Structures are given as structure tokens and as C-alpha cells.
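> Here it is: the structure, laid out below.
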Amino acid sequence: MKEQYIPQEIELSAQTYWDEHQSFVAKEDPSKEKFYCLSMFPYPSGYLHMGHVRNYTIGDVIARHQRMLGKNVLHPMGWDAFGLPAENAAIQNKVPPAQWTYKNIEYMRKQFKRLGFSFDWSREIATCKPSYYRWEQWFFLKLFAKGLVYKKSAEVNWDPVDQTILANEQVVDGRGWRSGALVERREIPQWFLKITAYADELLKDLDQLAQWPDQVKTMQRNWIGRSEGIEVTFPLQNSKEALTIYTTRPDTIYGVSYIGIAPQHPLAKQAAENNPALKQFLEECKNVKVSEADLATMEKKGVPTQLNAIHPLTQEIIPIWVANFVLMDYGSGAVMAVPAHDERDHEFALQYHLPITQVIKPKDNTAWDFKKAAFTDEGIMLASQEFNDLDSTTAISKIMDHLEKKNLGKRKIHYRLRDWSISRQRYWGTPVPIVNCPNCGPVAEKNLPVVLPEDVEFTGVISPLKTIPEFLNTNCPVCGKPAQRETDTFDTFFESSWYYARFACPDLDTAMLDERANYWTPVDQYIGGIEHAVMHLLYARFIHKLMRDEGLVKSDEPFKRLLTQGMVLNEGTKMSKSKGNTVDPQPLIEKFGTDTVRLFMMFASPPEQSLEWSDSGVEGAHRFLKRLWTLAYEHRESIIQRNQSGNGKNTENIDWELADTQQRDTLRQIYEVLEQTKYDYDRLQFNTVVSGCMKILNALTKIPAASADKQDISAYIYQTGLSLLLRLLAPIAPHITHQLWQDLHYSGLILNATWPTSDTAALQMDQIQLVVQTNGKLRSQIQIPKDADAKTIESIALADSKVQQAIAGKTVKKIIIVPGRIVNIVIGDSA
């Protein structure tokens, strides 16, 4: 054993051993309890930052801990390799996206290995490989045959320069984020998956996820957005047509003063044919991105259509306006506007001087100023015909009954959730396996995979797939006549929605999944950022249910337990490349070692909270590891001797009557920390685990030099204490613990060591230590029987030589005993 702690040597040695012995290769073993630990796989961006390090260290600590508990652990790694960043890098670096991606994968794999993560690299997958996306294409066609996939025109953000669809977040001030061109709203054909067919189950099954954060489940419930309401029919004036409007607030129906329709509504387009002002407004709306998040802050604008509807209950004439705050994909693209009782409707009414009709009053009859705000709380009905004086909540169901009885409305359950648009007009993605035939329409490809050409000249303006005849031109699988392949590619969320299942059988080339998927899934512990709380996790839950219904898996949910780790902050803000405040882990690893970086990451804050970066904190973590090494080195001879002789495996050869106070207390502290640390590991509070390890080290360093007849006890405490400490620390700092375990000749490898248990014999010592004070000043420490009564404690305290010296010539007025802690002798001057 070397005297100095040299992390670079130790870590290279440990990693070489793990690699050569394939220490983390997982195999299915029905005789053992399985544990599937998975961190959300990364995009191969080319380098790791501290956010990566934290996320994957958390996962590694969990995986290693579960392994020491005796479980059969699967801990895989792969690459979410398709997507827009590779295309942007290809344009910037003038290399094909595939070349850029594969180079980054190679580099990041080396970084991961340098961090000592216990990944099973034999199961590595990259979503850009045909061996992976072939089965995604196969699954898509299965859903296509079942009617769960369809194609329809949908409105999108269109960049006329880059010739591509943009997500809402890629539109900045109405312009394309890269080209700067004014974005247009266009309708283009899109492929959709019918996630709405599973809306009820996705909502209901959230109740199964007891080990998910409540915040994530709430976000998913809100995104699915189940509501119970009624579709009300508003006939159009001088027309046989009618508007069907969904509302959850029929209690406000008597307060409708206008109807708002979306700019994309067919009625708006019809009205604009003879209305230049409306036509111009519709053109303006084409260049404005509108999402539900924008509605709260955007200026409410509109133009009257000159069309009117008829109120179904009062027969009043109601003007129809085109309003920019009405979304076409919500309900029917029309809303019954009640300015008195809806803030958005109220703002619009004030802007255009429309009537504000109160139909609900506060329950306490206080006056409400409708010039300032809408009244949106529950209240008492008024100006509502036979429903006056009813509680507004009660009125909801009664008015629904009334509308249904008159055939003016129909109850309906509505979802905010919309079907998932899975096609993108991008190049670097999984090709949609559809052939577009002039005679047969869209038909399924027969020969899979449809391979994405990788050696392409990429400019980013138009997808190369449209210009490669070998890819584009084919024959119809049905009629055999000339046809063209679909040039859209899948949304990359599709790839990331089933990768966890493919990790169970990545070598399978005859099917998407086999029985190994049922052995390993569902994932026991999933780790990732809160930013994926809705889209990724919702889509993965949906795809899992589709795979279940196809007979590929048996469980209902993909992830049992979810941990959403906090961000890594630098100077108070999230680390990001764009902000230039990232910290590269490589220089720190080279200076302090991987274990130091891992230890700091786990110690600095609980996993679910944000972590503030601290250079001094990293240095402190390094000092702790150096102290651990020094302690082990100083006591190596006695520990090795005991381990080689077999002593110390039990305490039967220890005479505890010879143990002094410090020895007894040290052992007790060690086992108390052990019990707390077990609990902390179970609740994933690794910061307090590290704190416990530090307490054990501090306790061990305070054992005084023992006399000859007590050497065996001290040696036992060092041997036992370090055995416990190394095992508690092993999941967090695996390299130093791997080396020390071997150097100190503990049995086998720490990787395969069992989780420590408390030594009941050592804890059941019959002596405890009390501090003795006189007038609050420390004088001595005494040993007393654990069950000593007050009289016995007083006599032992007064008989102590140091106490006798302090009270000599004084009067003992009172003795105060704090059980288990202190004896305070109150003394006065001599008589």
C-alpha cells in the first residue's frame, strides 16, 4: 500500500479491472431479485458538463448500492442520437450529421468510463442505428394497421427560408430562430399517433405511481386536462348552420355577450372573403405563434365578422368576433365569451367596448366593480331566468340538464391533450416507413428497415431525402407501380419513448422485444430532469401501453420510481453552454480525481434540489478522501493482520470489560451512523450519507493510543470501522474504496461485498459515559452501569479523583443529573 493517495493511479487501476472482468455485465437470473436502474440517456453533444456528471453519478450510486444489497442490477447506457442539434452542427462544421454524431459518441463514451460509472456497455444502443430504429418502424406499421396512426393537415410554424417546421420555442419575436425570417402559419400534412385514445388510462394510472414526485403527476394531470362540460349549440342568424361550443361553465351561459372564434376557423375564413379588415387580421395572425402559455400575457386583439349567433336559451342576438386568444385545436375553435366572469373575455370586452353582463354575484352580496376585473369565484345566480338564487355550482348540473332536455346541448368529457404529431420535415431522424402511391395512397413499406442515407451533403435548407433518387423513388408494395417514399422523419421523442425496453434485449435481431423485457421492466428507478416531466414521460407511458396491448410487455407502466434531480447552478444560474458558465469536469478529474468530483456532487445538496457549484467544496471533498487514505495507511498493519488471521469477523474474542470510554463511544457512534445511513440510502438522501461517512472517519481518528492490554480492542474498532466506512462510501467513491478494500486484505472485492449490518454484541455494552461538571464547568468523564440509579451515579461522580480535587473544601449544595449525558454538581464556599 502506497503512503500517498494518488487518485489517477487508483482510478485507472480500478476501471481497468472492471473492464477486463466485465464486472457490470447484467444477466437475467430469475433466482435473484432484479433491479433496473436507468438515467435518461444523453444526446451526444460532444462533451460532458457537470449536469451530466450529477445525473449519472446519482444513478450510479443507486445501482451500486442495490448491487451490494444482493440484487441483480441492470444499469445500461445509450445515446439519444437523432435530432436537430446534429443538423445545426453539420451546417456549421460542414460535415454530415452522422459523422458528427458518431465522433461525439466515441468521445463521450470515454468520458463516461473515466467517471467510473457501472454501466453495462455490452447493452449500448444508439437510436440512429438501423438495428434500433428498424423496430420503431415495425411498431409504427403495426399501429398504422390498427388505425392508431393517421395523417391529416395541421397548422404549424413554417420558416420560409429554412423550409422547415419550427417548434414554438424556435420562434423568437415572430421570426425563425436561425434564419431570422418571418414565420408563417401553414397547414401541412402530418402523421399523428392517437394518444387521446389512451387519455383516460394515462390519467387513471397516475394513481399507480406512488413513488413519483407529486409535482410531476400534477403536471401530467394538467397536461391531459380532463374536464367535464357540455357542448352547446348556438344557431347562426339567417343560416341553417350552427356553432357547437364546449364549456365547463354553463352557469355563466346567460352572461354571454359575444362569441370568439379562432383565426383559423372555417367561419372566419368565410367571413373574410368580403371583409378586407378581417382578411388583413387573419394574415397578421398567420405570423404569430400562439400556444396556451402565450394567452395569459399577449395583447387580446380581434375583428368582428359581421356574423351573429342566436343564444339558445334567451334567443338574443350575439355578435361573432375573430379573436387571437382562441385556439383552433381547443374544443371546436370557438368560445362563448362571458366578460363578467372570465378574465380573458373581460380584457377583450374592455378593449372593444363590448357588453359585460353579470349573472353571478358574490355570496356575501358585496358590490363588484366589473370595470376593473371579472368575478370568477363561486357565487349566487342572478339574471338567469329560473336558475336565479341558486348556488352557481349547483346551477352547473341543473343548466346542463335543462340544455340536454331541450336538445340544445350534450354533456361531454373533454381533454386538453391532443394527438401526438410524430412527423418532422427534417433529415436526421428515423424515416417514416410509408410509400406514397398515386393510385393506392399511403401504404406500408414491406422491407424494413428503411435506412436513412448517412453519407449526404447537408445544407439544412431542404432535407436531402427529397433530392436522393435512390431513397425517394420506389415501387408501390401493393400495385407495383412507381411511387415515392415518405420524406418525413419521426419526432425524436418516439425513439426515447421505448429505449428503456430495448436495453433488455439490444442484441435481438428477429423481434422488437422478447421475454427479457418482461424480466427487467418496469424500470425500478428512473432518473432525469424535471424538464422532461410532461412530454418525454407522458409519451413513454403511452408507448408502453401500446407495447403492452401488442403483447410485447406485460406491465402497465414503464417506470416504478422517479427521481427528478435538481440543476447544477453556477453563480446562481443554471449551467449552460449558451451562458458560458459551464464547468468542465475533465480538469477537476485530472487534478483531484473522479471520486472527489463524485463525492462533492453527492454531498453538496440532496439530489432533488439544485446544487450550487463551489470550488472550495471540491477541495473539501478531496481533503476528506486524503484523510481516509491516511487513516487506513496508519493502521494498515493491525487491520491486515486481523483480516489475514480471520479475527474480527465476530466479537466473541473481544473482552469489552477492558474497553475504555472512547473505544466504547466510537463503536457506538459508528453503528448509530450505519443505521441512519441505511435509511438515508433508501430515501436517496446521499448528502447525509456522505455526512455520516465523515462522522465515522472523525470518530475513528479520535481513538487515543491504547495500552498493551487494549490493543486488540482498538485494532478491532479500526478494522470494523473502516470495513463499514468503505462499504457505505463505495457507491459514491468506488475507486478509492475498491483499492483500500484490497490493500487492507478485506475478503474478496468490495464490489461484491454485502451491505453491513450492526453488531448487536458491540451495541449491548453495559457501560455508558457521562460528563461531570461543577457549577457548569467540565471536570471529568465517568463510566457508569447502563442501568445505574441516581444514587449510584452520584457516588461514582463524587468518588472521581478530578471531581474530588474540584470540590475539596467546598459545600455540595445540589447534584443535577441529565440522564445519559451530564452530572452537574452545584457547590458553594466552605462554611
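> With point charges of +1 on the Cβ of Lys and Arg and -1 on the Cβ of Asp and Glu, referenced to the Cα centre of region 431-520, which listed residue (Y500, P438, L452) lies farthest in the positive direction of the dipole?
P438
> Right, something else. With the crude spin-label approximation of a point 7 Å out along Cα→Cβ, what separation in nm comes out for R186 versus S758?
6.9
> How far, in nm, would the chain grow between D556 and T248 when pulled straight, counting 0.36 nm per residue and subtracting the alpha carbon separation?
107.8 nm
> On a 1.4 Å probe surface of the protein chains, which of T754, T487 comes out largest in accessible area, and what is the full order?
Ranked from most to least accessible, the order is T754, T487.
> Label point 7 Å out from D615 along Cα-to-Cβ: which residues of region 38-55 have amide N under 19 Å?
Label zone hits: 50-51.
> Turning to a different aspect of this structure: Within region 710-730, which residues have the backbone N less than 16 Å from the label spot 7 Å out from I640 along Cα→beta-carbon, could you tell me?
719
> Now for a different question. Can you pull out the GluC sites (Glu not before Pro) in region 372-473 whose DSSP state is coil and whose Cβ has at most 10 other Cβ atoms within 10 Å?
Passing both the DSSP loop test and the Cβ count: E457.
> Once R0 is set to 22 Å, what does the formula 1/(1 + (r/R0)^6) return for the Cβ-Cβ distance between T297 and R416, expressed as a FRET efficiency to the nearest 0.05?
That pair, T297 with R416, gives E of 0.70.
> Calculate the tail of P(r) for region 36-188: the fraction of all Cα-Cα distances greater than 26 Å, expressed in %.
48
> R0 = 45 Å: FRET efficiency of L382 with A210, Cβ-based, nearest 0.05?
It comes to 0.50.
> Can you tally the net charge around L382? Count Lys and Arg as +1, Asp and Glu as -1, for every other residue whose Cβ sits under 9 Å from the Cβ of L382.
Residues near L382 contribute 0 overall.
> Could you sort I468, I259, I6 by accessible area so the largest value comes first, with the probe set to 1.4 Å?
Listed by decreasing accessible area, they come as I6, I468, I259.
> Moving to a separate point now. Given N residues in region 297-379, what is its alpha carbon radius of gyration divided by 2.2 N^0.38 Å?
1.16
> In whole percent, and with a 1.4 Å probe on the protein chains, what portion of the accessible area of region 114-161 is carbon and sulfur?
53
> How would V772, V534 line up by accessible area, probe 1.4 Å, largest first?
The ordering from most to least exposed comes out as V534, V772.
> Which value, in debye to the nearest 20, gives the size of the charge dipole of region 92-187 about its Cα centre, when Lys and Arg are +1 and Asp and Glu are -1 at the Cβ?
For this selection, approximately 500 debye.
> Under a straight-distance cross-link criterion of Cα-Cα below 23 Å, which lysines are reachable from K810, leaving out those fewer than 8 residues away in the same chain?
Partners found: K777, K791, K802.
> With +1 on the Cβ of every Lys and Arg and -1 on the Cβ of every Asp and Glu, and nothing else charged, how large is the dipole of the chain about its Cα centre, in debye rounded to the nearest 20?
Dipole size: approximately 140 debye.
> Further, regarding this structure: Two decimals, Cα atoms only, Kirkwood Rh: what is Rg/Rh over region 377-525?
Ratio value, two decimals: 1.26.
> At a temperature of 10 °C and a viscosity of 1.306 mPa s, determine how fast the chain diffuses translationally according to Stokes-Einstein, using the Kirkwood radius over alpha-carbon pairs as Rh; express D in µm²/s, rounded to the nearest whole number.
Translational diffusion coefficient: 49 µm²/s.
> Toward the positive end of the charge dipole of the chain, about the Cα centre and with charges on Cβ (Lys, Arg +1; Asp, Glu -1), which of P558, G809, W18 goes farthest?
After comparing all options, I get G809.
> In nm, to one decimal, how far is the modelled label at T811 from the one at T196, with both set 7 Å along Cα→Cβ?
9.3
> Rounding to the nearest 20 debye, state how big the charge dipole of region 42-165 is about its Cα centre with +1 on each Lys and Arg Cβ and -1 on each Asp and Glu Cβ.
It works out to roughly 560 debye.
> Next question, about the same structure. Hey, rough spin-label estimate for N518 and M535, points 7 angstrom out along Cα→Cβ, what's it come to in nanometres?
Result: 3.4 nm between the two label points.
> Name the residue farthest towards the positive end of the dipole of the chain from the options I62, V673, S714, assuming +1 on Cβ of Lys and Arg, -1 on Cβ of Asp and Glu, about the Cα centre.
S714
> Oh, and also: Which pairs break 31 Å Cα to Cα here: K32/K554; K94/K217; K146/K204; K152/K269?
Among K32/K554; K94/K217; K146/K204; K152/K269, the Cα-Cα distance tops 31 Å for K94/K217.
The values are calculated or read from the model by the stated rules, or taken from the named source; none is laboratory data. A quick note: this is a predicted structure, and the numbers were derived from the prediction, not measured. Please note: Cβ atoms are built from the backbone with ideal geometry, for glycine as well, and neighbour counts cover all protein chains shown. Surface areas here come from the heavy atoms of the whole protein model, side chains and all, with no ligands, DNA or RNA. Shrake-Rupley method; radii C 1.70, N 1.55, O 1.52, S 1.80 Å.
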